[in-house]
Amino acid sequence: MSRTYHQPVLSLLAASMISGGALAAAPGNDPAALAAIRDSALKSDWAYERLADMTDLIGPRLSGSAGAAAAVTQVADAMRKLGATVTLQPVKVPHWVRGEEKGELVDFRGRPAGVTQRVVLTALGGSSATPAAGLVAPVIVVRSFDELKARGAEVKGRIVLFDVAFDQGMAERGQASQAYRQGAKYRVGGPRMAAEMGAAAALVRSVGGADFRLPHTGNSGMRDGARMPAAAVSAEDAMLMVRLAARGPLSMRLTLTPQTLPDADSFNVIADLPGTDKADEIVIVSGHLDSWDLATGANDDGAGVASAMAVIDTLKKLDYRPRRTIRVIAWANEENGGRGAQAYFEANKAAVGKQIAAIESDSGAGRPFGLRASVLARDVALFAPLQAALEPMGAGAFQRSDALGSGDLHELEQAGVPSFAPLIDTANYFHYHHSAADTLDKVDPENLRRHVAVMAATTWFLANTDKPVARWVDAVKE
């Protein structure tokens, strides 16, 4: 899922006030061409078939795993069959392996003799292990970092539970990313803070919107030298623990046996459809290839990768050749390190001006309503032909912001590369995100076809403009 950051030098909103050149339409961007791309994508299940190959034949693809390696080969082979020029860019990635995970409430006020209560949980990425037989410790419940600090004298030797509910109402009103950030900050920062205060372990209430007793994993942000046992518990079990803690002292046996192994070899899969007269200029369209290990990552982010791959399939079927090179990237290690994005930026930062635009889809496979874009405000109207082509399928919206902060594009974007992403209905995305329920059956084939149509039309449009989309770093100089 996406990370956010603040533009360090100049607000794009301010930059938009500066006069400059305009984005001109090229012959390849005539309405008939954009409509043909849209219609071809809406008739094809190529992306869904590739997604089925990835999820059903390979399954989970956590960095360093056999599944991740198999996915690299599978995607590279599929792109070669389309005639793309494929490069495997080496990346060293984290290799964290989930082991046994078990939680049990072993003592609480009013407990009948011989009775314990199972807690449904899953280790967070980067967690260290408990003793093999588990650890038993009292539980302290907190609802904020401030409360944890205020109760610091109670923390040492205890299991800290961060009880922060995911705001599904916010998600259903178009603010799913904000709802996610509100919960995820405890998953990312909570274990580290608890460890610094002497806690025995940390638990977080799962960051997810469907209370089906599913734990949602995710990266804890912990690194070597600062690891502790940490897990996400289902919403129902978090609520149970809160109720029991309100009755009196509560103790838990927690068993986690993950391992952090030496970094593994992996790759970004890069597939180029060479351009014609502007071949040295690159338009990226992408998704991340890795997934968490609880399920098959159909929404996060198999759908994004398959849609990006299908851009080239769509253009090949129409025999359309772009002016700029279209580069499909299946990023390595977005979930627990971002190493693939870092490797790509380091390899291209000296010529970042040739990276004309970058698209990433990493918000699931819900219905797309249009585009999100980090372009100058003065240039929004220049995308009207693209919006007109997407409007017949209900995807003509255009949402501008200073920075998207997409997980794998943030360094490129910070260097000035305009970034784009499908504007997707995410009301139910966090029902499945990072859980065992993120499987192929959750992806609507019609929505995926629409997804490809948005990605393909946008990529083609960006690859065929006479002038590149204006960059905020260039606007500063004007």
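The values are calculated or read from the model by the stated rules, or taken from the named source; none is laboratory data. Quick caveat: nothing in here was measured; it's all calculated off a predicted structure. Every residue, glycine as well, gets a Cβ built from its backbone with ideal geometry; the counts of neighbours run over all protein chains shown. Heavy atoms of the whole protein, side chains included, go into the accessibility calculation; ligands, DNA and RNA do not. Shrake-Rupley method; radii C 1.70, N 1.55, O 1.52, S 1.80 Å.
In terms of distances greater than 21 angstrom between alpha carbons, the cross-link table entries Lys92/Lys185; Lys92/Lys354; Lys92/Lys442; Lys81/Lys467; Lys81/Lys316; Lys316/Lys467 yield Lys92/Lys185; Lys92/Lys354; Lys92/Lys442; Lys81/Lys467; Lys316/Lys467. Rounded to the nearest Hz, the phi-derived 3J(HN,Hα) couplings of region 164-181 under the Karplus curve 6.51 cos²θ - 1.76 cosθ + 1.60 (θ = phi - 60°) are 10, 6, 6, 8, 5, x, 5, 4, 6, 10, x, 10, 5, 5, 5, 4, 5, 4, where x marks glycine and proline. Averaged over residues, the count of other Cβ atoms within 10 Å places the peptides 76-89, 190-203 in the sequence 190-203, 76-89, highest first.
Computed 3J(HN,Hα) for region 272-279, one whole-Hz value per residue from the Karplus formula 6.51 cos²θ - 1.76 cosθ + 1.60 where θ = phi - 60°, is 9, 9, x, x, 9, 7, 10, 5, glycine and proline marked x.
When only alpha carbons are used to place a centre, region 291-347 and region 369-425 end up 17 Å from one another. Computed from backbone phi with θ = phi - 60° and the Karplus coefficients 6.51, -1.76 and 1.60, the 3J(HN,Hα) list for region 57-63 is 8, 9, x, x, 9, 5, 3 Hz; x is used for glycine and proline. Solvent-accessible area assigned to carbon and sulfur over the chain amounts to 52 percent, based on a 1.4 Å probe. Based on DSSP H segments of at least four residues, each scored -39500 (n - 2.57), the chain has a per-residue ellipticity at 222 nm of -9500 deg cm²/dmol.
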